[in-house]
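Here is the structure we will look at, set down as structure tokens.
The values are calculated or read from the model by the stated rules, or taken from the named source; none is laboratory data. All of these numbers come straight from a predicted model, not from anything done at the bench. For neighbour counting, all protein chains shown are included, and Cβ atoms are generated from backbone atoms with ideal geometry for every residue, glycine included.
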Amino acid sequence: MEAKRLAAEKAVEFVEDGMIVGLGTGSTVAYAIDKLGELVKQGLKIRGIATSTRSEKLARERGIDLVTFAGVNQIDLTIDGADEVDPDWNLIKGGGGALLREKIVAAASKRLIIIVDESKVVQRLGQFPLPVEVVPFGYEVTMRKLTELGYNPQLRTTDGQPYITDNGNYILDCRMGQLDKPGETHDHLNRMVGVVDNGLFIGYASQVIVGYHNGLVKELSKRIH
Ligand code: 5RP
């Protein structure tokens, strides 16, 4: 889709020679990986660190050298997508199931550029179901607890089987409507036994680039409090 590609290609302009680049996951990031691959063929020297087996495969196919955290402590710049972005640049991520690796990479990055099309920009997070990664063992009890607490969890499935993340876990998609205090929701969920992490990214984004269907691409300003 054009709007996603526009945002992705704008973000790639911030990549410089010699950088370690975090590669997010999803259809928007796929355009960024394509573009980076083209630039690498023209001589750009970067090393990538992927947030999913899908992005790893794509990056390899595009000729991007990959590294792991065994050899890297800090990432210069990460480019990743999002399912929702609010005016404070808080995010819901994990629609593609890669939230845990994405958060590990975001936390290790000096800079995180989020790329989205205009449909992802919202006033309040929560319209998109919040992905919560849980340990398969006893997930039924974790799910019951989340239900009691009003999170309305639903087990993510593919072909009738539980969807399994790259980390061997399950995902519960939680529909609880608008989130008034996303930071509190994040902390509350992550304190629950059985929960590995959730798709709320609070305070990680350093820049948000939005592609529009009319061909424009703009940086989203952050709300001033
Ligand atoms: C994957 C993610 C993605 O960044 C998010 O789902 C957006 O995907 P897309 O670019 O395909 O719309 O968080 O875990």
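Looking across segment 103-118 at every residue that is more than 23 Å from K45 (Cα to Cα) and within 9 Å of the ligand (Cβ to nearest atom), the one that is surrounded by the fewest Cβ atoms within 10 Å (Cβ to Cβ) is identified as D117.
Remark: pairs (first residue in segment 34-50, assigned to a helix (DSSP H, G or I); second residue surrounded by fewer than 16 Cβ atoms within 10 Å (Cβ to Cβ); Cβ separation under 9 Å; 6+ apart in sequence or on different chains) = G37/E61; G37/G63; V40/G63; V40/D65; K41/G63. Annotation note: Cβ proximity below 9 Å between a residue of segment 150-167 that is acidic (D, E) and a residue that is surrounded by 15 or more Cβ atoms within 10 Å (Cβ to Cβ) and part of a loop (DSSP other than H, G, I, E, B) (sequence gap 6+ or interchain) occurs for D166/T51; D166/S52; D166/G97; D166/A98. What number goes with the only condition from (1) outside any helix (DSSP H, G or I); (2) within 14 Å of the ligand (Cβ to nearest atom) that L100 does not pass? Failing condition for L100: (1).
Any residue at all in segment 117-125 that's farther than 24 Å from A7 by Cα and at pLDDT 95 or above? Reasoning before the result, please.
Step one: filter segment 117-125 for residues farther than 24 Å from A7 by Cα, giving none.
The answer is no; no qualifying residue exists.
Rundown of residues vs (1) surrounded by fewer than 20 Cβ atoms within 10 Å (Cβ to Cβ); (2) within 12 Å of the ligand (Cβ to nearest atom); (3) not assigned by TED's automatic domain parsing to the domain that holds A30, yes/no style:
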site	(1), (2), (3)
G95	no, yes, no
Y151	no, no, yes
T158	yes, no, yes
C174	no, no, yes
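Scan segment 51-74 residue by residue and report those that are in contact (Cβ under 8 Å) with a residue 40 or more places away in the chain, within 14 Å of the ligand (Cβ to nearest atom) and either surrounded by 14 or more Cβ atoms within 10 Å (Cβ to Cβ) or part of a loop (DSSP other than H, G, I, E, B) (or both). Talk me through it step by step, then tell me what you get.
Narrowing segment 51-74 to residues in contact (Cβ under 8 Å) with a residue 40 or more places away in the chain: 51-55, 64, 67, 72, 74.
The next check asks that each one be within 14 Å of the ligand (Cβ to nearest atom); those that pass are 51-55.
Result: T51, S52, R54, S55.
Out of I164, I79, report the one residue that is in a strand (DSSP E or B) and either within 16 Å of the ligand (Cβ to nearest atom) or modelled with pLDDT under 95 (or both).
Working: I164 fails: in a strand (DSSP E or B).
The match here is I79.
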